[in-house]
Amino acid sequence: MYKENKQVTTPFFNPVQLGPITLRNPVIKAATSEGRSPDGKVTQALIDFHRGFIEGGIAMTTLAYCAISKAGFAAPGEILMVRDNIEGLKKFTQAMHEAGGLASAQLGHAGPVATKQITGFRPVAPSRFFNLTSLQTCRAITQKEMQEVIEQFADSAEVAADAGFDAIELHFGHLYLVSAFFSPWINKRKDQYGGSIENRTRFAKEILIRVKESVKDRLAIIVKLSMDDGIKGSIWLDDSTQTARILDETGAVDAFELTMGSSVSNQMYLFRGETDIEGMAATQKGIMKLGVKWFGRKILGEYPYKDLYMLESARQFKPVVKHAKLILLGGINNYDHINQALMEGFPLVAMGRALLREPDIINKIEADTNTVGLCIHCNKCMFSVFTTTNCVFTKEYAITSHAAIN
Ligand SMILES: Cc1cc2nc3c(=O)[nH]c(=O)nc-3n(C[C@H](O)[C@H](O)[C@H](O)COP(=O)(O)O)c2cc1C
């Protein structure tokens, strides 16, 4: 369907093929860790939250951050993607399909972003590493443990396929475990997983190949890949374009969702807009609360918000990625942004905060392409991930029932 009230050159509402699946339009709900599964299981609140986005017009929602193991949790209230939880996961996908959309599951291991308070385990990283945000020292993961992580990714992917998910999104970004391997700042390994870009990409490649073997063409495989961490000495575009090329050459990736920033430090590089120090302080207790008030701005960083703020970097991947599609993310708020992405050869877009603010923004845009998103990038949703993720303006979407349904 072509819109008539603007000079439109792209068929916004045309379906998009992604590997073995077809999306009814190019809009994916980006993962926004939802805090609606206190026991690591699907709840009615989680289903209702995601159904809102599908009913609001997007093509596919992303069940955010499903940990592949207990040690891999990043925040409380996340899903554990294991077979024990499959009945609830099936109800989740069934609800999305009945509402007319598709469901993707983000799979990850938090690595240096994990904390002992949440997982019960000392966090791991490619090498021994001190995380300034969590104030925890990670130990270096062993090769034997890496093999276990590879198998856990493959098992979780199979559970997702059996549960009826249409896609999985492998979290290879934000300095979580896999992307920490890309980073020369964290990865000081002397074995075949450290040093050259080929070596630093090896772990990701092994996970990807094993996941593909496990799910074959039963679902689409998306890789969420950091283009640039915003940290001196870590990953920048010269590295990440090569990582993308190496992963793309496996033929196992259906799309790269291009992201940036890190959850280890300088977090606002990913988000842009207001730095919510009060929000971060509220997640801490005692002396840590004071520490956040004094040093929070230095740790989180400060970056002005700009529409389509990842576009310039994402353009660098077009000449290198030959097989997979590219998903544009970051500051997509209205019809013109989506249109520009499509015109520039990004066949899909992912939206986070704009959808938290208005789950039905795509229906609104469909009715009127002049619709301007209401999200003001105050980022007060950011720290709600430690309780129940929501936009402060749309609390009515926050909670139905937090009881596990399997
Ligand atoms: C509240 C909140 C929670 C988020 N949780 C996740 C997450 O679980 N996994 C992830 O990869 N990104 C997460 N993100 C990042 C978003 O997926 C997205 O990359 C970012 O918000 C930029 O897109 P936007 O400008 O459309 O919001 C989160 C973002 C927000 C605001």
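What is the order of Leu219, Leu63, fewest Cβ neighbours within 10 Å to most? Each step should come with its number before you reach the end.
On the way: Leu219 24, Leu63 31.
Starting with the residue having the fewest Cβ neighbours, the order is Leu219, Leu63.
What is the projected area of the convex hull of the Cα atoms of the stretch 200-324, averaged over all directions, in nm²? If you can, show how the numbers build up before the last one.
Numbers: hull surface 38.4 nm².
Reported value for the Cα convex hull: 9.6 nm².
Please order Arg353, Arg272, Arg128 by the number of other Cβ within 10 Å, starting at the fewest.
Details: Arg353 25, Arg272 22, Arg128 12.
In increasing order of surrounding Cβ atoms, one gets Arg128, Arg272, Arg353.
With the convex hull built on the Cα atoms of the chain, state its orientation-averaged projected area in nm².
Working: hull surface 70.0 nm².
If I average the Cα hull's projected area over directions, I get 17.5 nm².
Quick one, could you list the DSSP H helices from the chain stretching 20 Å or more along their long axis (Cα atoms) with average Kyte-Doolittle hydropathy of -0.5 or above?
Long hydrophobic helices here: 197-215.
For the stretch 168-210, list log₁₀ I(q)/I(0) at each q in 0.21 Å⁻¹, using the Debye formula over Cα point scatterers of equal strength and ignoring solvent, two decimals each.
Listed by q, the Debye log ratios stand at -0.60.
Going by how many other beta carbons lie within 10 Å of each one, how would you line up Trp185, Trp294, fewest first?
On the way: Trp185 19, Trp294 11.
Ranked by crowding around the Cβ, least crowded first: Trp294, Trp185.
All of the numbers you see were taken from the coordinates with simple rules; none came from a lab. These numbers were taken from a predicted model, which means no experiment stands behind them. Glycine gets a Cβ as well: all are built from the backbone with ideal geometry, and neighbour counts include every protein chain shown.
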